[in-house]
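Single-structure report; data block below.
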Amino acid sequence: MPSPCAPTAPPNPRCTHSSQSTSSAKSTAGRTERRRRGRRHATRRPRLGSTPAQEVHPAGIPITLFGVPVIAPRARWFHYDDADHHGHLPDPTTSVLAARAVAAGLVTLPSREALEAQLAPDPDDVLARRAELLHNLQHDHETERTEPTAREQVEWIRRNYVHRIADGDTSFSDTDIVRISHALTRPDVRDECLSLLSGPHPTAAETLWTILTRQCPPPACTEAAALLAISAYSRGDGALAGIAIDRALTADPHHDLALVLDEAFRSGMSPHHIRALIPFANGGSV
């Protein structure tokens, strides 16, 4: 005798209800399981070992490790040692750090591409024109018997250009660009310019190095790019420092200071120790 629920029999409301309930229960269970797997995946942490903090820093110094799959608004962050400790990143453009950067006069950019565009060189014809002017200026100075000291040159740069930028004027003529570029070709002048990092207008000085990195013809732009890298690295902007070094080594692959800085940045050297590398890069002893 065929079952009441067999296909050949008329539809039985009770069996139909039972079938729909089972299907609905399975669907609900499936959604619950997918949500559970989704939460587990969202908080999944890279496995560094049974005790991540000890593995990363075996010296025994207490540290706390956090991770995030991507730097973006609302991206989920997690604690390596506590799965229940997690949250979401705020919008980086409205963070306290971004507000402090703006208050300090720094420009926050959304991506590495935007940083690279900030240091993109001027058109080739403009750079060629300045290169000729720089060559003529260097030839004229070869006949001079005396030169200003490095400190006098830096004071001239500070008074005529750093202060101008601090007052809001960033438009420089070819003559301005060429004169500063020529001054920076002296290693002692370039190194003395590090004093501008601790002066009253460090942000204006960094803006000057940014302008020169873009507007100086190669290889003269290498000196400004190296100063920009040191300035950016000293305030914790490793991305800009790396791009500045790339720009310097593109202009002059054998530049001693740029090579030393590149190695220092890649090794994670503390900004506090960067200045000690300058005499070494110039052939002296640290």
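The values are calculated or read from the model by the stated rules, or taken from the named source; none is laboratory data. If you're wondering where the values come from, they're calculated on a predicted model, not measured in any experiment. Neighbour counts are summed over all protein chains in view; Cβ atoms, including those assigned to glycine, are modelled from backbone coordinates with ideal geometry.
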Select from region 230-242 the residues that are more than 8 Å from the chain's Cα centre (by Cα) and among the aliphatic types (A, V, I, L, M) and write down the one among them that is farthest from Met269 (Cα to Cα).
Ala232
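Counting just the residues of region 188-198 that are touching a helix residue (DSSP H, G or I) at 6+ places or on another chain (Cβ under 8 Å) and farther than 11 Å from Ile157 by Cβ, which one comes out surrounded by the most Cβ atoms within 10 Å (Cβ to Cβ)?
In the first step, residues of region 188-198 are kept if they are touching a helix residue (DSSP H, G or I) at 6+ places or on another chain (Cβ under 8 Å); the result is 188-197.
Going one step further and asking which of them are farther than 11 Å from Ile157 by Cβ, we end up with 188, 191, 194, 197.
Working: Asp188: 13, Asp191: 20, Leu194: 17, Leu197: 15.
Ranking the qualifying residues of region 188-198, first place goes to Asp191.
Filter region 161-192 down to residues that are part of a helix (DSSP H, G or I) and under 23 Å from Glu132 (Cβ atoms), then give me how many there are.
Residues in region 161-192 being part of a helix (DSSP H, G or I) and under 23 Å from Glu132 (Cβ atoms): 14 in total.
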I'm trying to understand the selection: among the residues of region 166-181, which are in contact (Cβ under 8 Å) with a residue 40 or more places away in the chain, surrounded by fewer than 20 Cβ atoms within 10 Å (Cβ to Cβ) and of a type outside the set (Ser, Thr, Tyr)?
Phe172, Asp174, Arg179
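State whether the residues of region 233-250 include one that is within 23 Å of Ala128 (Cβ to Cβ) and among the small types (Gly, Ala, Ser). Give the derivation first.
Initial filter on region 233-250 (within 23 Å of Ala128 (Cβ to Cβ)): 244, 246-250.
Within this subset, residues satisfying the condition of being among the small types (Gly, Ala, Ser) are 244, 248.
Within region 233-250, one or more residues are within 23 Å of Ala128 (Cβ to Cβ) and among the small types (Gly, Ala, Ser).
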Residues in region 199-213 that are surrounded by fewer than 20 Cβ atoms within 10 Å (Cβ to Cβ) and touching a residue at least 60 places away in the same chain (Cβ under 8 Å) total 1
Can you find a residue that is touching a Lys or Arg at 6+ places or on another chain (Cβ under 7 Å), part of a helix (DSSP H, G or I) and either under 23 Å from Pro253 (Cα atoms) or of a type outside the set (Ser, Thr, Tyr) (or both) anywhere in region 197-211?
no
Would you be able to tell me the number of residues in region 93-149 that are charged (D, E, K, R), within 13 Å of the chain's Cα centre (by Cα) and at pLDDT 75 or above?
2
Confirm whether Pro219 is within 18 Å of Val126 (Cα to Cα) and in contact (Cβ under 8 Å) with a residue 12 or more places away in the chain.
yes
